[in-house]
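Notes follow once the structure below has been shown.
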Amino acid sequence: MELFKYMELYNYEQVVVCQDKESGLKAIIAIHDTTLGPALGGTRMWMYESEEAAFEDALRLARGMTYKNAAAGLNLGGGKTVIIGDPRKDKNEEMFRAFGRFIQGLNGRYITAEDVGTTVADMDLIHEETDYVTGISPAFGSSGNPSPVTAYGVYVGMKAAAKAGFGSDSLEGKTVAVQGVGNVAYNLCRHLHEEGANLVVTDINKEAVQRVVDEFGAKAVDINDIYEVDCDIFAPCALGAIINDQTIPKLKAKVIAGAANNQLKETRHGDLIHEMGIVYAPDYVINAGGVINVADELYGYNRERAMKKVEGIYENIEKVIEISKRDEIPTYLAADRMAEERIRRMRNSRKQFLQNGQHILSRR
Ligand SMILES: NC(=O)c1ccc[n+]([C@@H]2O[C@H](COP(=O)([O-])OP(=O)(O)OC[C@H]3O[C@@H](n4cnc5c(N)ncnc54)[C@H](O)[C@@H]3O)[C@@H](O)[C@H]2O)c1
Ligand SMILES: CC(C)C[C@H](N)C(=O)O
């Protein structure tokens with residue numbers, strides 16, 4: 001990857017490479033765009049096949065956060081961190097504290113939280129070194145684990161997508177194929193089960209599968225079979241790029257609505273599913289519940305206020321589908337336009353009223 005070329009192509013502001021030999025920390029913080037405010041995005045810990053794959057993931061995820069935060073109406077920019085390593089074996093206290101010091105060095109340009117492979121306990125360690133972290137233990141006045149809230153947002157967004165796909169937002173009797181039943185999808189399955197949906201699930205983690213089979217009566221299938229399940233809704237809730245040339249021909253679902261980030265391998269895959277008549281709930285619009293929840297900490301966390309905002313994901317998905325129909329464009333593009341439009345408008349308003357981030361009257 002030619003880093004500067006890639007950064008220029010998508011207008012990235014900054015990439016910070018952090019290493020700490022003692023603890024084994026190898027982290028990449030990508031800050032995409034801070035027009036709307038400081039970059040807020042989670043930290044993913046994953047066993048990347050190569051350094052290049054880690055850079056690519058950090059960059060793609062950071063850009064996704066810019067769009068997610070903008071589309072959700074938050075006054076926050078987009079960033080993300082990836083830590084290279086096995087979250088089951090390679091974590092230690094020094095690693096997260098060293099990482100916290102690197103975040104502190106950015107002086108508020110980047111604020112972190114959980115993502116795949118990191119937990120509230122990890123965020124608490126980061127918090128030992130910096131205040132620029134959210135999703136820490138509720139005992140600190142924080143919002144805690146964002147996953148259940150993300151799941152609730154995906155659930156309400158799925159209902160809005162179902163309304164467009166089936167004429168009703170009821171999920172009772174609908175069959176939902178869920179790929180990955182980790183932190184978010186376990187909670188999503190609970191909501192779906194409570195509404196009377198039928199669940200077909202898969203995961204590389206057999207215990208996670210067994211839990212939803214036992215608790216919610218889900219049917220388990222092999223990881224390679226999830227795409228061709230005879231279902232109404234496909235809910236990708238594991239990793240990205242799973243809507244691609246190999247999987248699209250297998251899909252039977254009328255609606256795709258799930259938590260995973262970067263579900264489309266390439267934008268042309270969004271065009272393809274649109275042409276097939278599939279209602280796609282754009283990933284960063286439907287999975288914004290977690291970031292909406294942690295962002296509320298910036299105002300002094302209030303769960304009721306945060307959950308009310310998360311319920312707005314229903315209307316946001318409706319809005320994207322409306323734009324898609326009006327402009328005859330795929331929903332992923334409609335969402336991009338909605339987010340870009342907000343960033344453009346806010347950039348202008350900042351130009352009018354703010355200089356160096358301060359209101360012009362503050363110089364009096
Ligand atoms: N946690 C949040 O609040 C949040 C918010 C927004 C988006 N997301 C996104 O949602 C997705 C899930 O997040 P999570 O926090 O639940 O992570 P998680 O790690 O708890 O769950 C992911 C699950 O996917 C499984 N998995 C991995 N590869 C798989 C494969 N090939 N096939 C089937 N299963 C596989 C894992 O074993 C794990 O159980 C991620 O893409 C994440 O970026 C999470
Ligand atoms: C800030 C976090 C809650 C971010 C979350 N992992 C996401 O992708 O939206």
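In segment 275-356, the portion of solvent-accessible area held by carbon and sulfur atoms comes to 49 percent [1.4 Å probe, whole percent, DNA, RNA and ligands not counted].
Where only protein heavy atoms count, and the probe is 1.4 Å, what is the accessible area per residue for the chain in Å²?
46 Å²
Once backbone amide H atoms are built at 1.01 Å from N, Gly77 has Leu36, Gly37, Ala39, Leu40 as its partners under 5 Å, excluding neighbours fewer than 5 places away on the same chain. Overall dimensions of the chain, expressed as equivalent-ellipsoid semi-axes from the Cα gyration tensor (√(5λ), whole Å, largest first), are 31, 25, 20. In a reduced charge model with +1 at each Lys and Arg Cβ and -1 at each Asp and Glu Cβ, segment 147-338 shows a dipole moment near 200 debye about its Cα centre. For the pair segment 268-293 / segment 109-159, the C-alpha centres are spaced 23 Å from each other. Residue ranking by accessible heavy-atom surface, 1.4 Å probe, largest first, among Lys21, Lys163 comes out as Lys21, Lys163. Counting charges near Val279 (Lys, Arg +1; Asp, Glu -1) among other residues having Cβ under 11 Å from its Cβ returns a value of +2.
Reachable lysines from Lys254, Cα under 29 Å, same-chain residues fewer than 8 places away excluded? List returned: Lys68, Lys159, Lys163, Lys174, Lys206, Lys219, Lys265, Lys308, Lys309, Lys319, Lys325. Accessible surface of segment 18-103, 1.4 Å probe: 43 percent of it comes from carbon and sulfur atoms. Given the chain, what percent of its DSSP beta bridges are antiparallel, to the nearest 5? Roughly 35 percent of the beta bridges in the chain run antiparallel, per DSSP.
Size descriptors for segment 97-183, from the alpha-carbon set: Rg then Dmax equal 17.7, 52 Å.
In terms of its C-alpha gyration tensor, segment 129-244 comes out prolate, because a/c is 1.5 or above and the ratio a/b outweighs b/c. Which one, Asn302, Ala164, Ala58, is farthest towards the positive end of the dipole of the chain when Lys and Arg carry +1 and Asp and Glu -1 on their Cβ? Final value for the positive-end residue is Asn302. Taking the Cα centroid of segment 4-18 and of segment 51-95, what is the distance between the two, rounded to the nearest whole Å? If we compute the Cα centre of each part, the gap is 14 Å. Net charge of the neighbourhood of Val82, taken over other residues with C-beta under 11 Å away and scored Lys/Arg +1, Asp/Glu -1, is 0. Under a Gaussian network description of the chain, with springs only between Cα atoms under 10 Å, the residue in Val201, Val17, Val229 that fluctuates furthest is Val17.
Neighbours of Phe234, meaning other residues whose beta-carbon lies under 14 angstrom from its beta-carbon, give a summed charge of -1 when Lys and Arg score +1 and Asp and Glu score -1. Structure remark: mean-square fluctuation, Gaussian network model of the chain, C-alpha springs under 10 Å; the largest value among Ser143, Ser170, Ser349 belongs to Ser349. If you run the Gaussian network model on the chain, springs between alpha carbon atoms under 10 Å, then out of Pro148, Pro138, Pro87 the most flexible one is Pro138.
Placing unit charges on the Cβ atoms only, positive for Lys and Arg and negative for Asp and Glu, gives the chain a dipole magnitude near 1320 debye about its Cα centre. Write down Rg/Rh for segment 147-338, rounded to two decimals, with Rg from the C-alpha atoms and Rh from the Kirkwood relation over Cα pairs. A ratio of 0.95.
Where does the chain land at 222 nm, in deg cm²/dmol rounded to the nearest 500, when only DSSP H runs of n ≥ 4 count, each adding -39500 (n - 2.57), divided by all residues? Mean residue ellipticity at 222 nm (helix-derived): -13500 deg cm²/dmol.
Largest accessible area first, the listed residues Glu322, Glu311 line up as Glu322, Glu311 when surface is computed with a 1.4 Å probe on the assembled protein chains.
The values are calculated or read from the model by the stated rules, or taken from the named source; none is laboratory data. In this text, all values refer to a predicted model and were calculated from it rather than measured experimentally. No Cβ is skipped: glycine too gets one built from the backbone with ideal geometry, and neighbour counts run over all protein chains shown. Protein only, heavy atoms only, side chains kept; ligands, DNA and RNA dropped before computing areas. Shrake-Rupley method; radii C 1.70, N 1.55, O 1.52, S 1.80 Å.
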